[in-house]
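Only one structure is covered here, and it is reproduced in the block below.
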Amino acid sequence: MRLSQILFSQGFGTRRLCAGLIQHGEVSVQGEVVDDPDADFSPEGLVFEVGGKTWPYYEKALILLHKPAGYECSQKPKHHPSVMSLLPAPLRERNVQPVGRLDEDTTGLLLLTDDGALIHKLTSPKHHVPKVYEARCKHPVTAEQVAQLLAGVELREPDPKPHHKPEFTRAEAAEATGEQLLRLTLTEGKYHQVKRMVAAVGNRVEALHRPSFGALALPADLAPGAWTWVASPALIWSQA
Ligand code: URA
């Protein structure tokens, strides 16, 4: 594959801009500047540098972001900046999208990808990818609340329509990890699900964090707002 085509596929701008970057000596492969846009490389496993920054080639981008509070997952945020503003331009140019959503005030592991089929697979209720949430609650977490969350609760709308069908959901796992701390594992992704489930059992979420998504855990050394590549979607299903 031509080097200019490789850069284009990775979000470095129009074909012309990519050729220009190469001709201006901004691009290196294995430590050597390559100034020929037509130079041929096998893209799989290729690592190159643009303007001194290292980029691995991925046909599809899969990104793990440590979402800080104060960012919205929406493309058109209303009150806070978008999580997209935490990513470098080539990833935004590739149009990576969040896999599901975390609320503006929720922190933790957020995946983003430009692989539409993967987004569909991970957000479809059929696939049951477990997601772990840690909630700090307003009131002490009781054994009865934990039992109710495991048995299943009705998620109420704040303002239900007359023919509204109630939504029932249950936690795959639930435990109190401190007096006001609750750890829940959910396999669905309903709107405000944790907050609504906790409200349904008479408590209230004051802070929410997601430490894991499937088999992927938030790396301890990844600061809020920082991101890293996930080498393969297979890692979501197994750490093998
Ligand atoms: N459940 C919520 O209530 N909020 C989130 O951000 C994620 C799950």
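The values are calculated or read from the model by the stated rules, or taken from the named source; none is laboratory data. The shown structure was predicted, so the numbers you read here are calculated from the model rather than taken from an experiment. Backbone-built Cβ (ideal geometry, glycine too); neighbour counts: all protein chains shown. Calculation scope for accessible area: heavy atoms of the full protein, side chains included, ligands and nucleic acids excluded. Shrake-Rupley method; radii C 1.70, N 1.55, O 1.52, S 1.80 Å.
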Report summary line: Within region 189-203, restricting to residues that are more than 10 Å from the ligand (Cβ to nearest atom) and assigned to a loop (DSSP other than H, G, I, E, B), the one that is most open to solvent (accessible area, probe 1.4 Å) is Gly202
Query raised in the report: Looking at region 143-158, which of its residues are over 28 Å from the mean Cα position of the chain (by Cα) and open to solvent by 60 Å² or more (accessible area, probe 1.4 Å)?
Result: Ala143, Glu144, Gln148, Ala151
Query raised in the report: Quick one: what pairs do we get from region 11-23, first residue over 9 Å from Pro37 (Cα atoms), second modelled with pLDDT of 95 or more and open to solvent by 100 Å² or more (accessible area, probe 1.4 Å), C-beta under 8 Å, 6+ apart or different chains?
Result: Gly11/Arg92; Gly11/Glu93; Phe12/Glu93; Gly13/Glu93
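Condition check ((1) within 16 Å of the ligand (Cβ to nearest atom); (2) open to solvent by less than 40 Å² (accessible area, probe 1.4 Å); (3) modelled with pLDDT of 95 or more) across all residues:
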residue: Val83; (1), (2), (3): yes, yes, yes
residue: Ala89; (1), (2), (3): no, no, yes
residue: Asp105; (1), (2), (3): yes, no, yes
residue: Leu112; (1), (2), (3): yes, yes, yes
residue: Val129; (1), (2), (3): yes, yes, no
residue: Val132; (1), (2), (3): yes, yes, yes
residue: Arg136; (1), (2), (3): yes, no, yes
**Report entry** Residues located in region 175-188, provided they are more than 8 Å from the ligand (Cβ to nearest atom) and part of a strand (DSSP E or B)
**Finding:** Glu175, Ala176, Thr177, Gly178, Leu181, Leu182, Arg183, Leu184, Thr185
**Report entry** Pick from region 204-215, criterion within 19 Å of the chain's Cα centre (by Cα) and among the aliphatic types (A, V, I, L, M), ranking: farthest from the ligand (Cβ to nearest atom)
**Finding:** Ala215
